[in-house]
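The block underneath contains the structure these notes are about, expressed in structure tokens.
The values are calculated or read from the model by the stated rules, or taken from the named source; none is laboratory data. These numbers were taken from a predicted model, which means no experiment stands behind them. Cβ: placed from backbone, ideal geometry, glycine included. Neighbour counts: every protein chain shown. Ligands, DNA and RNA are stripped out before the accessible areas are found, and what is left, the full protein with its side chains, is counted by its heavy atoms. Shrake-Rupley method; radii C 1.70, N 1.55, O 1.52, S 1.80 Å.
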Amino acid sequence: MAGGVNNAPRSIVTTETRPVRIVLTGIALAFIGLFLVVPLVSVFIEAFRQGWHLYLAALVEPDALSAIKLTLITAAIAVPLNLVFGLSAAWAIAKFEFRGKSMLITLIDLPFAVSPVVAGLIYVLLFGAQGWWGPWLADHDIKIIFAVPGIVLATVFVTFPFVARELIPLMEAQGSDEEQAAMVLGATGWQMFWRVTLPNIKWGLLYGVILANARAMGEFGAVSVVSGHVRGETNTIPLHVEILYNEYNFVAAFACASLLALLALVTLALKSWVEWRTERLAAEDRRHATEE
Amino acid sequence: MRKLIPALLLSVFAAAPALADVTLLNVSYDVMRDFYKDYNPVFAKHYQAKFNDKVTIQQSHGGSSKQARSVIDGLEADVVTMNQSTDIDAIVDKGRQINAGWEKKFPNEAAPFSSLQVLIVRKGNPKGIKDWNDLVKPGVQVIVPNPKTSGNGRYTFLAAWGYAAKLPGGNDAKARDFVTGVFKNVPVLDAGGRAATTTFMQRNIGDVLVTFENEAEMIAREFGRGGFEVVYPSISIDADLPVAVVDKVVDKKGTRKAAEAYLQYLWSPEGQEVAAQNYLRPRDKAVAAKYAKQFPAVKLFGIDEFGGWKVAQKKYFDDGGIYDQVAASIAKR
């Protein structure tokens, strides 16, 4: 996951013979074809099997619209939260030395290590009617589980590491020399952040945000546990897809699934573009360095 | 696409749900979707005419025990409509959202209709499946949802058990061997009844699907009548499908009147008619007579022969119970 942004160019030295190379490449391509391309294509074929009209009808149906809306709202809350957290955590970890730092790094990775279903259950245990804070919440008529706040919480949890994980290696590699220089020249904290730190990390940051967003919109397991599956109320797109599929409504299920697949494709395109940008910038930097 | 984008934008910025006078949430199990899709508008019309109030019904579906768990954990259901009383009893015991004695609030132990387990086989019945004893034959693949997570699966387990125990010379030990034989032939254990149907019909796995009679009709509607046949076994289990008002929620929301009317109307001739149309066996004698042709007479035994659901659940399906022992003995082979 980490380090995807700075791929240093390296010269290719291989000693394998031609047949070995062909076989290895063939296996890799066959694998990708079988496990990635064919399923992806089949989603779109199934979605359009009975024509454009049914495809569109499945997407503008009220329950589908409400699922799309809820998914967008969830991502719109979860991603900025992760952005702020990821930035502060990466900043603290990369630029400062403090006790418990390695502990913090490990904790950030926790959502990757824990199954999403467990993540959902944690929130049920905390906020559910039988949970720790359930009675208090019920007394004050605050709904968290089986309502939008619960879905947002679960999504924040599973997307927690993306931004921080992207930024920590990047900021550690850059060190704090430039920030120190800015301080010496009399910059305030904000000036230093906006003029020095942010320009240095913006592509890594964008990359993390793209990944976090993709996961936020696509999350199934954790959200499924806390959603309650009320049609038109607490279903996100992935949950809506499951319901449609269980209702034998395959065209509509695949139509909504194709939205998620499209999102994945857009994410990939954006990601490649960001990678290409960073690489080009890095190349330019190296050229400047050699010219000087 | 041109139509889609404005519609999406509209939904994001403008769509506040139309506010009805009363909104009820019906938390139900998987295969009841189709029935309530038909019943809800019929009830809403009746309610509007009688009380001049508009009522909107929201639905939530999933495996029955999972749904009960959600209500216990705080999903604010006004009514629950389940496929066995243990799921409602669990809400009484663990969540206390429903008051004890719920089964006395409506007729027929609060079960407005019933179903039974039938065998669904592929067109032409290539494996010649006629009764429960054909399910243990070598080479027959049986599709059943998991009895741990699904009432549908539990009914199947007990139906097979009851069949074997009632054979001449049958006893508990023989029944246990028989059920072990059936589950040995199960290649996939889905979590719920609907998932099992999808496995059988869509993924084309298995020779026989054991499920509720009304689910067979849903398969016919969705996949056409040409692809499968329904086999009525010599004896089956009577599956009463109970309903209850969630007292704590309706008292808090002030929806008791509408929630009780919603369930009571299930026993009306109109409600019973919708049930029969969805192949749920009605209680109303007139409706039952009208639809007699679609409900062949089958010898049935009830859950009371197992001591009621509370006893049966504990003995057969709780952790370490007979089902777990059977599953463990199959896994060992």
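A few remarks follow.
- Qualifying lysines (Cα of each under 24 Å from Cα of residue A:95; at least 8 residues distant if same chain): A:202
- Computed FRET value (nearest 0.05) for residue A:176 with residue A:57, which takes r as the C-beta separation and R₀ as 60 Å: 0.60
- Dipole magnitude (debye, nearest 20) for chain A, charges at Cβ of Lys, Arg, Asp, Glu: 400
- Between residue B:141 and B:207, B:208, the built amide H atoms are under 5 Å apart, and every one of these is 5 or more places off in sequence or on another chain.
- Here residue A:141 and residue B:268 are evaluated by their C-beta separation; at R0 = 41 Å the FRET efficiency comes out at 0.75.
- Here the Karplus curve 6.51 cos²θ - 1.76 cosθ + 1.60, taken at θ = phi - 60°, turns the phi angles of the stretch A:160-176 into couplings of 3, x, 4, 5, 4, 4, 6, 7, 4, x, 4, 6, 5, 5, 6, x, 10 Hz, with x standing for Gly and Pro.
- Rounded to the nearest 20 debye, the dipole magnitude of chain B is 580 debye, with +1 charges on Lys and Arg beta carbons, -1 on Asp and Glu beta carbons, and the Cα centre as origin.
- Per DSSP, loop chymotrypsin sites (Phe, Trp or Tyr not before Pro) in the stretch A:54-145 with at most 14 further Cβ within 10 Å: A:96, A:98, A:132, A:133
- Inter-centroid distance (Cα atoms) of the stretch A:191-239 relative to the stretch A:265-292, Å: 24
- Surface share of carbon and sulfur [accessible, 1.4 angstrom probe, percent] for the protein assembly as shown: 62
- Cα centroid separation, the stretch B:84-135 to the stretch B:147-171 (Å): 12
- Per DSSP, loop trypsin sites (Lys or Arg not before Pro) in the stretch B:171-277 with at most 11 further Cβ within 10 Å: B:203
- Protection proxy ranking for A:157-165, B:85-93, B:50-58, A:33-41, using the average of other Cβ atoms within 10 Å per residue and placing the highest first: A:157-165, B:85-93, B:50-58, A:33-41.
- When the accessible areas of B alone and A alone are added and the area of the pair subtracted, with a 1.4 Å probe, the result is around 2700 Å², both sides summed.
- Peptide-level mean, for A:68-80, of C-beta atoms on other protein chains within 10 Å: 1
- Solvent-accessible heavy-atom area per residue, rounded to whole Å², over the protein assembly as shown at 1.4 Å: 48
- Exercise: per-residue mean of other protein chain Cβ atoms within 10 Å, A:138-151: 2
- Accessible area in the full protein assembly, largest first, 1.4 Å probe, for B:80, A:156: A:156, B:80
- Rounded FRET efficiency, nearest 0.05, which uses the C-beta distance separating residue B:328 from residue B:288 and R0 of 35 Å: 0.25
- Full extension of the chain between residue A:46 and residue A:22 gives 5.3 nm of extra length, using 0.36 nm per residue less the Cα-Cα distance.
- The stretch A:103-120 and the stretch B:274-328 have Cα centres lying 43 Å from one another.
- Other protein chain C-beta atoms within 10 Å of residue C-beta, averaged over B:71-80: 6.
- At a threshold of 40 Å², the residues of the stretch A:238-278 that become less accessible to a 1.4 Å probe in the full protein assembly than in their chain on its own are A:245, A:246, A:247, A:248, A:250.
- Over chain A, dividing the summed -39,500 (n - 2.57) contributions of all DSSP H runs of at least 4 residues by the number of residues returns a 222 nm mean residue ellipticity of -24500 deg cm²/dmol.
- Considering only A:176, A:117, A:84, and ranking their Cα positions along the charge dipole of the protein assembly as shown that arises from unit charges at the beta-carbon of Lys, Arg, Asp and Glu, the one farthest toward the positive end is A:117.
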